[in-house]
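Data block below; observations after.
Here, each number is a calculation from the coordinates, and none is a lab measurement. What you are looking at is a predicted structure, and each value in this text was computed from that prediction instead of being measured. Note that we place each Cβ from the backbone using ideal geometry, even for glycine, and neighbour counts take in every protein chain shown.
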Amino acid sequence: MDLLLEPIEPFIPDWGSPDEWNSAYEKLESYLRAHEVDSHMHRAYLVTVILRRVSQSWKDRPLPAPLSSLAIQEALRMLKEWFTFIMNPPPETDHSFIAAQGRVAFFLCDGPQRWPYVFLADRRIPEEFKIAMHTGLILTDPEIEITSMTPRPIDLGLIPEIADGALDALNRRPLIKAMIGWLIFIAILIYLFRITR
């Protein structure tokens, strides 16, 4: 199990507040933990790489979103590029699903346990990992299409019609309705009396 980490200098941001960078660091750590990157070293390495890219991309530019959101967007972009590189899909493939398919393949081939340091690695990726990713990839045939479903009324059969008819009849005869209500009330009282004796 080789470490696939490249040497990296410590990252010290030269813009933004420490609170913003710490928040971005924590969000990235949680995001990587969700992908089962359990190694503290590998997680720290990836967080540093992502934060360095965010720092270089947004230095001297107005931020369109909080720094932590930009860090997660950068991680998503890197993940999509990485899955595209690993799985090498045909050019006609819809790349909007590549990250989702990649995640599924990564977990199906038991990537986090078998190759704990390969996640988002850019060099020296084991060939057996690539083969396992291709094997675990779920291919759909035909292509996935987004459709919409319109709700339809639920058919409950004759019961609602009978109940509606009975309620209408009772509403037209308030005396019978009151008698039925009192009978139900008395039946409940008798039942409670028998239970408590």
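Can you give the calculated 222 nm mean residue ellipticity of the chain, where each DSSP H run of n ≥ 4 adds -39,500 (n - 2.57) and the sum is split over every residue, rounded to the nearest 500 deg cm²/dmol?
On the way: 8 runs with 119 residues, N = 197.
The helix contribution divided over the chain gives -19500 deg cm²/dmol.
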### Task
Mind checking which of PRO64, VAL104, THR150 is farthest towards the positive end of the chain's charge dipole, using Cβ charges of +1 (Lys, Arg) and -1 (Asp, Glu) about the Cα centre?
THR150
### Query
So which lysines pass the test for LYS80, namely a Cα distance under 16 Å, with those fewer than 8 places away in the same chain ruled out?
LYS130
### Message
Could you give each residue of the stretch 51-61 its phi-based ³J(HN,Hα) in whole Hz, using Karplus coefficients 6.51, -1.76, 1.60 with θ = phi - 60°, and x for Gly or Pro?
### Response
5, 5, 5, 4, 4, 6, 6, 10, 5, 6, 10
### Message
With 32 Å as the cut-off, how large is the P(r) tail for the chain, expressed as percent of Cα-Cα pairs?
### Response
47 percent
### Summary
Here the stretch 79-87 yields Karplus 3J(HN,Hα) values (6.51, -1.76, 1.60; θ = phi - 60°; whole Hz; Gly and Pro given as x) of 5, 5, 4, 5, 5, 4, 5, 5, 8
#### Entry: GluC sites (Glu not before Pro) restricted to DSSP loop in the stretch 44-100 with at most 12 other C-beta within 10 Å
GLU92
### Task
Convert each backbone phi in the stretch 120-131 into a coupling constant with the Karplus relation 6.51 cos²θ - 1.76 cosθ + 1.60 (shift: θ = phi - 60°), then list the ³J(HN,Hα) values in order as whole Hz, x for Gly and Pro.
6, 6, 9, 9, 6, 7, x, 5, 5, 5, 4, 5
### Dipole magnitude (debye, nearest 20) for the chain, charges at Cβ of Lys, Arg, Asp, Glu
1140 debye
## Note on the structure
The long-range amide H neighbours of GLY16, using H built 1.01 Å from N in the peptide plane and a cut-off of under 5 Å, are none
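Using the crude model of +1 on Lys and Arg Cβ and -1 on Asp and Glu Cβ, and no other charge, please compute the dipole size for the stretch 41-90 relative to its Cα centre, in debye to 20. Can you show the working numbers first?
Details: 7 positive and 3 negative charges, 14 e Å.
Dipole of the stretch 41-90, to the nearest 20 debye: 60 debye.
Name the trypsin sites (Lys or Arg not before Pro) in the stretch 55-91 that are in a loop by DSSP and that have at most 14 other C-beta atoms within 10 Å, would you? List each step's numbers first, then the result.
Working: sites: LYS59, ARG77, LYS80; in loops: LYS59.
Counting only loop positions with at most 14 other Cβ atoms within 10 Å, the trypsin sites (Lys or Arg not before Pro) in the stretch 55-91 are LYS59.
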